[in-house]
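The structure appears below as structure tokens.
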Amino acid sequence: MVSVRLPDGSQRQFEAPLTVAQVAASIGAGLAKAALAGRVDGKLVDTSYLIERDSDLAIVTDKDADGLDVIRHSTAHLLAHAVKELFPDAQVTIGPVIDNGFYYDFSYKRPFTPEDLVAIEKKMAELAKRDEPVSRKVMPRDEAVAYFKSIGENYKAEIIASIPAGEDVSLYSEGAFTDLCRGPHVPSTGKLKVFKLMKLAGAYWRGDSKNEMLQRVYGTAWAKKEEQEAYLHMLEEAEKRDHRKLGRALDLFHFQEEAPGLIFWHPKGWTVWQQVEQYMRRVYQDNGYQEVKGPQILDRSLWERSGHWENYKENMFTTESENRSYAIKPMNCPGHVQIFRANLHSYRELPLRYGEFGQCHRNEPSGSLHGMMRVRGFTQDDGHIFCTEDQILDECVAFTALLQKVYRDFGFTDVIYKVATRPEKRVGSDEMWDKAENALIESLKRSGFAFDISPGEGAFYGPKIEYTLKDAIGRMWQCGTMQVDFSMPGRLEAEYVAEDNTRKIPVMLHRAILGSFERFIGMLIENHAGALPLWLAPVQVGILNISEGQSEYAQAVAQNLKKQGFRVHADLRNEKITYKIREHSVQKLPYIVVVGDKERDSNTVAVRARGNVDLGAMPLDSLIERLEGEVASRA
């Protein structure tokens, strides 16, 4: 007798062992048809998996996140199957699931072409329509190596040979195609109905530039056609909003080969930066932070004591001088500890909050660099709170509330919360990690927010809350963090005088709201499609004269607005007014003011809001009142 407990708490009894598919069929024909996989005692398995003992079982369908991963994993195999049918000499390597899709790497004698991509996708659809069963078998490692060598799949043989001797491996077959995989997979290719191949790229075998360059085929797969269409539409929107294109078009910044991963800020772009920094400086001042500034370069010995040298050295730029080794700081925390310990503090001074717009450098691989979103030099709105254990919860709750307000002011209202727990490579005792993780979890519960757990995703020195923003087209951006650190203050000998007059080590909370300024500004540009709100726009108002006769009046209007603190550009060129309006509209100015004889003589201005919205003529004071209200509300 086998007892199966379902997610609703009900139990089903069976006379003999049976598969996940058979359990689904016993519940109903609809569920049997929809079943893609199962989760048995927490483990994701094929529908062919045999349940031989009492177990918890959840049937996985395309409505589940696990189901979508199974679809994408299986579609990657369908891609490899199609390539082998069209190009029998191609060798398959690896094909994992990635965000929103999958890829597969191939070795072939010539580069694939866009026409090949069309043919491969057509063949995939044909194979899916055959609805061929997908079956799993287990084979000893050495036997599997010999099998793949015999069919000319040397890369697969190499992968399997790296598995410890004596172990078994699982193989999946659909029709004439067999691949190495841990699974699970859909029961048959007919379950794969919605997919599209996206692009071609190059990728070195095992990520090593000394190895052969393989051909990577990217694809996307979904449970429903409308979901894929929505995703493709989002990609089209993302292309239009690409901050790299808008940065050039709006004259904000540029990149060049002589400074990989670094940004050349133009006057307009630096104006946006300054608005963000000045806003965050006010946030610091209004919430009890003292602004500090630490050195860019610190001796290797300090990084060794902090634990960064052992755990983060490969990401640090290093230099030497007078037989001493230094590292350019990849983060600000060790410097803030030095500022804290420069004076002996009393418990009465805690929590002590330091904030810094700290410029950091990290040696990111060149292949991972991506505009402003992934750079080698960046500035963090970095802060560290030194406090007692009893103060952790209050500080975390207050920080989450502050962070939400900041995000709203920048136009982000949808925040996702995750708690990233201890990684395998870490410092500190399990007891310390228990305290830190429990504090973060309890703080989110007290704040009233739903959250997920990301096992093993914490920093090496402490767990963290990750605050992820959803932008205007549905993309997710991980920005803010709050990390509880029981380790680094002690490693760097930070102490305070406790109430009982003893010396104690403070808890250190690492926190950031925006994260990297560069990345956050890139997000702002893309979220607003370059049309930044009035308070952030580098040029808030363009003043355009119709003819030479209004130049003096246009200049007076511009000067008046500048005196009120607005960023204004007066375009007095001898060009047609339609041309000037069109040109400034392309620059996404929030407001365009046009002055002709009529406006000059009546001491008014004709106002157009962004999007070619004609607000008509109004006194300059009325325009100023409107601008001031919009800036104050950060609409």
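Distance between the 7 Å Cα→Cβ label points at Glu115 and Arg573: 4.5 nm. The percentage of C-alpha pairs in the chain whose separation is greater than 46 Å is 34%. In order along segment 95-105, the Karplus-derived 3J(HN,Hα) couplings, from 6.51 cos²θ - 1.76 cosθ + 1.60 at θ = phi - 60°, round to x, x, 7, 10, 4, 6, x, 6, 8, 9, 9 Hz, and Gly and Pro are given as x.
In the assembled protein chains, Asp621 presents an accessible area of approximately 120 Å² (probe radius 1.4 Å).
Rolling a 1.4 Å probe over the protein chains gives Asp99 an accessible area of about 140 Å². With R₀ fixed at 30 Å, the C-beta to C-beta distance from Asn612 to Gln564 puts the FRET efficiency at about 0.75. Quick one: grab the alpha carbon gyration tensor of segment 141-190, order the square roots of its eigenvalues as a ≥ b ≥ c, and give me rounded if a/c is under 1.5, else prolate or oblate depending on whether a/b is larger than b/c. It is oblate, given that a/c is not under 1.5 and a/b is not larger than b/c.
Label sites at Thr468 and Ser602, each approximated as a point 7 angstrom past Cα along Cα to Cβ, lie 5.4 nm apart. Length available on full extension from Asp208 to Asn154: 0.36 nm per residue minus the Cα-Cα distance, which gives 17.7 nm. Straight-line cross-link reach from Lys562 at under 15 Å between alpha-carbon atoms covers these aspartates and glutamates, not counting any fewer than eight positions away in the same chain: Asp571, Asp621, Glu625, Glu628.
Tyr204 exposes around 90 Å² of accessible area when a 1.4 Å probe is run over every protein chain in place.
Computed about its Cα centre, the charge dipole of the chain is approximately 1000 debye, with only Lys, Arg, Asp and Glu carrying charge at their Cβ.
With all protein chains in place and ligands, DNA and RNA left out, the 1.4 Å accessible area ranks Lys63, Lys445, Lys588 as Lys63, Lys445, Lys588, largest first. Output the 0 to 90 degree angle, nearest 10, between the alpha-carbon long axis of helix 141-150 and the longest principal axis computed from the alpha carbons of the chain. It is inclined by approximately 80 degrees.
Taking 0.36 nm per residue of sequence separation and removing the Cα-Cα distance, the Glu226/Asp8 pair yields an extension gain of 75.5 nm.
Taking a label point 7 Å from the Cα of Thr388 along the Cα→Cβ vector, which residues of segment 351-369 have an amide N closer than 11 Å to it? Under cut-off, by backbone N: 351.
Per-residue Karplus couplings for segment 549-557, computed as 6.51 cos²θ - 1.76 cosθ + 1.60 with θ equal to phi - 60°, are listed in order as x, 10, 4, 5, 5, 4, 5, 5, 4 Hz, Gly and Pro entered as x. Largest accessible area first, the residues Arg475, Arg72, Arg282 order themselves as Arg282, Arg475, Arg72 under a 1.4 Å probe with ligands, DNA and RNA left out.
In this rough spin-label picture, where each label sits 7 Å from Cα along the Cβ direction, the Asn343-Trp265 distance is 2.9 nm. Would you work out what percent of the accessible area of the chain, with all protein chains in place, is carbon or sulfur (probe 1.4 Å)? Ligands and nucleic acids excluded, carbon and sulfur reach 48 percent.
Using only Cα coordinates, the Kirkwood hydrodynamic radius of segment 1-135 works out to 16.8 Å. Computed over all pairs of different Cα atoms, the Kirkwood value for the hydrodynamic radius of segment 429-474 is 12.1 Å.
Taking a ≥ b ≥ c as the square roots of the eigenvalues of the alpha-carbon gyration tensor, segment 269-349 is classed oblate because a/c is 1.5 or more while a/b is no larger than b/c. Computed over all pairs of different Cα atoms, the Kirkwood value for the hydrodynamic radius of segment 214-312 is 19.0 Å.
At a Förster radius of 35 Å, what calculated FRET efficiency corresponds to the Cβ-Cβ distance of Ser585 and His370, to the nearest 0.05? For Ser585 and His370, the calculated efficiency is 0.75. Taking θ as phi - 60° and the Karplus parameters 6.51, -1.76 and 1.60, the scalar couplings of segment 295-300 work out to x, 7, 10, 10, 4, 3 Hz in sequence order, x denoting glycine and proline.
In this structure, the residue pairs whose Cα-Cα separation is over 28 Å, taken from Lys224/Lys445; Lys196/Lys405; Lys268/Lys563, are Lys224/Lys445; Lys196/Lys405. If you sort Asp434, Asp179, Asp54 by accessible surface, 1.4 Å probe, largest first, the order is Asp54, Asp434, Asp179.
Roughly how many Å is it from the Cα centre of segment 560-616 to that of segment 1-25, as a whole number? When both Cα centres are located, 72 Å separates them.
Once the Kirkwood radius over Cα pairs is known for segment 464-594, the Stokes-Einstein relation at 37 °C and 0.692 mPa s delivers a diffusion coefficient of 171 µm²/s.
The values are calculated or read from the model by the stated rules, or taken from the named source; none is laboratory data. Treat the numbers as computed from the prediction; the structure is a model and nothing was measured. We place every Cβ from the backbone using ideal geometry, glycine too, and count neighbours over all the protein chains shown. With ligands, DNA and RNA removed, areas are computed over all heavy atoms of the protein, side chains included. Shrake-Rupley method; radii C 1.70, N 1.55, O 1.52, S 1.80 Å.
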